[in-house]
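**Q** For reference, the structure I am asking about is given below.
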Amino acid sequence: MKPHERRTLLDKLDRDVGTVGATVPAEVEVEDGVVPLQSYLVDSSQEIPVSESELKKNLRRRRLAIEDEIEEGDISYEEGLALLERYRGLSRALESLEDGGGDVQREAEAAEIADRKRWRSFLEEVKGEDGDRGSR
């Protein structure tokens, strides 16, 4: 990889907005097994083979290893891009864990409830107060 390509990738690692749209890995290996990372972020009540703090440490270590690989590894630019995407996915998972883990599921449920309320409100407005069609 060319030096300017390497710098470009390293600069992208530092951007906070880099995790928007990033795909969290389906699972991540830990010392005592495998954590189904995507499903754990949706339902943090499921059991995993390590504590949540150990999982966070593991994700941070993996990100550092990726950073080192991009910075010093004998890799192509395309391999660097793939590593960057993995880094972003791990960062997104870490952010979610630090923000409370299972909040993803609660947010999805709250959004669904809000959508239903808006739909009911719309239907009531269209029907009118007496249940007949409202005037247009």
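What follows is calculated from the coordinates using simple rules that are stated; it is not laboratory data. As the structure is a prediction and not an experimental result, all values here were calculated from the model. Please note: Cβ atoms are built from the backbone with ideal geometry, for glycine as well, and neighbour counts cover all protein chains shown.
**Q** Once amide H atoms are built 1.01 Å from N in the peptide plane, which residues 5 or more positions from Val30, or in another chain, come under 5 Å H to H?
**A** Residues meeting the criterion, in which the H sits 1.01 Å from N, are Val35.
**Q** Give me the net charge for the shell around Asn58: Cβ to Cβ below 11 angstrom, other residues only, Lys and Arg +1, Asp and Glu -1.
**A** +1
**Q** Among the lysines, which have Cα under 23 Å from the Cα of Lys12 when same-chain residues fewer than 8 positions away are ignored?
**A** Result set, ordered by chain and number: Lys2, Lys56, Lys57.
**Q** While we're here: Tell me, what HN-Hα J-couplings in whole Hz come from the Karplus equation 6.51 cos²θ - 1.76 cosθ + 1.60 at θ = phi - 60° for each residue of the range 78-95, using x for Gly and Pro?
**A** 5, 5, x, 5, 5, 5, 4, 5, 5, 4, 5, x, 5, 5, 5, 5, 4, 4
**Q** With a 10 Å radius around each residue's Cβ, average the other Cβ atoms per peptide and rank 114-122, 5-13, highest first.
**A** Highest-to-lowest ranking by the protection proxy: 5-13, 114-122.
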